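For reference, the structure is listed below as structure tokens.
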Amino acid sequence: MQVNGHHQRTIQARTDGRISIIDQTCLPQAYTRVSIQTSDEMARAIRNMQVRGAPLIGAAAAWGVALAMAEQADDESLAKAIAELANTRPTAVNLHWALKRMQTLLQPLSEIKRAEAAWKEAQAISDEDVASNRAIGETGAALIEELAAEKSDGEAVNILTHCNAGWLGTVDYGTALAPIWLATERGLKVHVWVDETRPRCQGALTAWELRQQGIPHTVIVDNAGGHLMQQGKVDVVIVGCDRVAANGDVANKIGTYLKALAARDNNVPFFVAVPTSTIDWDIESGEDILIEERNGDEVRQLNGVEVYPSVTEVSNPGFDITRTRLITGYISERGLLRKLSDLDVEETEPAEVAAA
Ligand code: MRU
């Protein structure tokens, strides 16, 4: 997407063998790129949320393995890098999806071939993410077009989104925001309600992205969505996801479930943008998805200022589960799905790669 008029990806290989990322902990105050040199540094960047968002975490992990292979390509180094990267964040399944794909490719290869193969595969994972998100955008834009057709001239389609599922959460385009970019390209009028998304305020990232692209938006506190829906001010909710169970239950940023409940109560369609790399076919239902419990200080402090003393007990689950019955449909790179079971499981598994 465009940053200050220049096209940028969130993660990209540099010619000197390092990986350039956007340090998202500096946004929206400053757009800062950081270069990552080792797999350890990449693991730290994922853990500290310098890179975040399920698809981007997956791509970053793949680049982490590529960096490890460039340094030392024996079995021990491969196993260590994969174990360390797998341990960074528990909920987004793209991390494990990408690591499995790297391991399946690299394990059978001789050491001498691993560095080059790993680099190419991490690049392929990044490029596929971009293509997949663009396809999600096409499908979602068609949905927005249908909603626009019901509006009178000059009236915008009002879309509510939670957390940041824009291009910052992916390699490019984003998932939930991709339909918005493409709808705008097609000349449709949209307005976005941006949930603030406490405690990490990923809404500030979404607002930053929308501002960069010149798209009308309004930031709201997390509890405002239901009220706006009651007033008929929301036409559709589109969110991203961190892991989707085989039955279609969705794990996404904490608070997503409450938006889905409010949407159902007010007959507002609720869509989840789902790249197939975010589907975990090994998990039957949302009950079995591991929810990340984050540090309580994220809640105790507001902009670095202590609101609650450290003795105050805090619960800080990072994600929640929205049951499939509350979801109107899944916007995937393979089109709009009413049920997840419309997908072919085998086609969405990381491919088993034959040894070169
Ligand atoms: O904790 P985060 O910021 O990594 O959580 C991100 C989300 O919940 C996003 O909605 C999801 O990963 C989709 S990103 C395209």
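The single condition among (1) surrounded by fewer than 16 Cβ atoms within 10 Å (Cβ to Cβ); (2) among the polar types (S, T, N, Q); (3) more than 19 Å from residue 166 (Cβ to Cβ) that residue 4 does not satisfy is (3). Look through segment 275-313, keep the residues that are within 15 Å of residue 200 (Cβ to Cβ) and of a type in the set (S, T, N, Q), and return whichever of them is surrounded by the most Cβ atoms within 10 Å (Cβ to Cβ). Residue satisfying both the conditions and the ranking: 301.
Per this entry, residue 172 is counted among residues that are touching a strand residue (DSSP E or B) at 6+ places or on another chain (Cβ under 9 Å), touching a residue at least 40 places away in the same chain (Cβ under 8 Å) and within 19 Å of residue 8 (Cα to Cα). The single condition among (1) over 18 Å from residue 171 (Cα atoms); (2) within 22 Å of the chain's Cα centre (by Cα); (3) surrounded by 14 or more Cβ atoms within 10 Å (Cβ to Cβ) that residue 51 does not satisfy is (1). The strands (runs of 3 or more DSSP E) located wholly in segment 244-339 that include 1 or more residues which are away from the ligand (no atom under 16 Å from the Cβ) and in contact (Cβ under 8 Å) with a residue 24 or more places away in the chain occupy 329-332, 335-337.
Might you let me know whether segment 68-87 holds any residue that is in contact (Cβ under 8 Å) with a residue 60 or more places away in the chain and within 16 Å of the ligand (Cβ to nearest atom)?
no
Set side by side, the residues 43, 68 differ, and just one is buried (at least 18 other Cβ atoms within 10 Å of the Cβ) and either among the acidic types (Asp, Glu) or more than 21 Å from the chain's Cα centre (by Cα) (or both), which is 68. Using the structure shown, decide if residue 264 is basic (Lys, Arg) and either at positive phi or within 21 Å of the chain's Cα centre (by Cα) (or both). No. Of all residues in segment 84-110, those that are touching a Ser or Thr at 6+ places or on another chain (Cβ under 9 Å) and surrounded by fewer than 21 Cβ atoms within 10 Å (Cβ to Cβ) total 1. Among the residues of segment 25-60, those identified as in contact with a helix residue (DSSP H, G or I) (Cβ under 6 Å, 6 or more places away or on another chain) and within 13 Å of the ligand (Cβ to nearest atom) are 27, 46, 51, 53, 54, 55, 56, 57, 58, 59, 60. I'm trying to understand the selection: among the residues of segment 83-120, which are farther than 26 Å from residue 283 by Cα and part of a helix (DSSP H, G or I)? Within segment 83-120, 111, 112, 113, 114, 115, 116, 117, 118, 119, 120 qualify.
Select the helices (runs of 4 or more DSSP H) contained entirely in segment 134-241, then report the ones holding at least 2 residues which are crowded, with 23+ Cβ neighbours inside 10 Å and within 16 Å of the ligand (Cβ to nearest atom).
178-185, 202-212
Coordinate-derived values only; no laboratory data. Just so we're clear, the structure is a prediction, and the values are computed from it rather than from any experiment. Neighbour counts are summed over all protein chains in view; Cβ atoms, including those assigned to glycine, are modelled from backbone coordinates with ideal geometry.
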